[in-house]
Amino acid sequence: MASSSTNSPCAACKFLRRKCQPECVFAPYFPPDQPQKFANVHKVFGASNVTKLLNELHPSQREDAVNSLAYEADMRLRDPVYGCVGVISLLQHQLRQLQIDLSCAKSELSKYQSLGILAATHQSLGINLLAGANADGSTTATVRDHHYHHHQFFPREQMFGGLDVPAGNNYDGGILAIGQISQFQQPRAAAGDDGRRTVDPS
Amino acid sequence: MSSSSYSNYTNSPCAACKFLRRKCTSECVFAPYFPPDEPLKFANVHRIFGASNVSKILHEVAPHQREDAVNSLAYEAEARLKDPVYGCVGAISVLQREVLRLQRELEETNADLMRYASCLGGETSAYGGRRG
């Protein structure tokens, strides 16, 4: 943390072209070697608003507050329309899709698990479920014929590159009840069972 | 996305001009997005961002994007007022952790599926016909 007792003013006072006092509220959180951090925060929130915000907080909370403000400011400058609300919207969308994918994968897994139990039971009774050919030359559909075309079973690529919280920040705050941001949702066509065939264990 | 139907040609100033105690002119940049019946929206945005910063942001974005910009600013402002330390960044942190958790769970489930498929399928790979 920058100390205003040194000769070097903090990034805020340097930006604002004022003397950096020992009691400067910005100095601990805007070191002189990170000028862009204050410049961004000032551009989006304004120095006086940040001062008011910091003064309302306990000193132990101020570093986290400044870092979250800096993150919000950075996101707003990158995306003036949505800021970090766009990130929330994308994450919610990604989460919904993952939940669907996981539900499908678990559903398929439970079918296999049931089949596995059935196979074990039949094996113990001398019945082979996986015989490809019957005595009369006909073939019986087996699990080998089940093609897993459904791309939803596989982890999706990360769609959103800039989601990492800046290093050194700790945003492990309490859960914020944010609800759904319906106006920012990006609707996705429901994935269908494209190409899947039902497993027939018989 | 449609703009507010509020017209600043009426006698009633928009919520921003009412808050700022100034005349609401026909060129008021806030009027379409801060109707007089939603005073808290502007009050919150003003408290966190300041009127001049909001005005600058609105002038930087295209007119058809301004409504979304105002709504996202209002959302961030409200989140910051409810959680002065983390604002809406707290929600991002929670969501990111949840996404990672589900991704890990999905990977594990996929691995289990592959194990079952290879066991029951013998030499044939269950994913041989999978589209890439």
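Structure notes:
- Qualifying residue in the range B:17-28 (condition: of a type in the set (A, V, I, L, M), part of a loop (DSSP other than H, G, I, E, B), more than 7 Å from chain A (Cβ to nearest Cβ) and open to solvent by 20 Å² or more (accessible area, probe 1.4 Å)): no
Let's see how each residue does on (1) at the interface with another protein chain (Cβ under 7 Å from one of its Cβ atoms); (2) without any contact (Cβ under 8 Å) to a residue 12 or more places away in the chain:
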| site | (1), (2) |
| --- | --- |
| B:62 | no, yes |
| B:70 | no, no |
| B:78 | no, no |
| B:88 | yes, no |
| B:99 | yes, yes |
| B:112 | yes, yes |
| B:120 | yes, yes |
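- Among the criteria (1) among the charged types (D, E, K, R); (2) at pLDDT below 95; (3) over 17 Å from residue A:81 (Cβ atoms), the one residue B:80 does not fulfil is (2).
- Selection status of residue A:72, part of a helix (DSSP H, G or I), over 21 Å from the mean Cα position of the chain (by Cα) and under 27 Å from residue B:95 (Cβ atoms): no
- Pairs, first assigned to a helix (DSSP H, G or I) in the range B:37-58, second buried (at least 21 other Cβ atoms within 10 Å of the Cβ) and of a type in the set (Lys, Arg), C-beta under 9 Å, six or more apart: B:44/B:80; B:47/B:80; B:48/B:80; B:57/A:76; B:57/B:66; B:58/B:66
- Hits in the range A:55-74 (condition: facing chain B (nearest Cβ under 9 Å), touching a helix residue (DSSP H, G or I) at 6+ places or on another chain (Cβ under 7 Å) and either closer than 21 Å to residue B:57 by Cα or touching a residue at least 24 places away in the same chain (Cβ under 8 Å) (or both)): A:62, A:68, A:69, A:71, A:72
- Number of positions in the range B:58-101 that are within 19 Å of residue B:29 (Cα to Cα) and either outside the structural domain of residue B:16 (by the TED database) or open to solvent by 50 Å² or more (accessible area, probe 1.4 Å) (or both): 5
The values are calculated or read from the model by the stated rules, or taken from the named source; none is laboratory data. Computed from a predicted model, the values in this text were never measured in an experiment. Positions of Cβ are backbone-derived with ideal geometry, glycine not excepted, and every protein chain shown enters the neighbour counts. The protein model used for the area step is the full one, side chains on, heavy atoms only, and it has no ligands, DNA or RNA in it. Shrake-Rupley method; radii C 1.70, N 1.55, O 1.52, S 1.80 Å.
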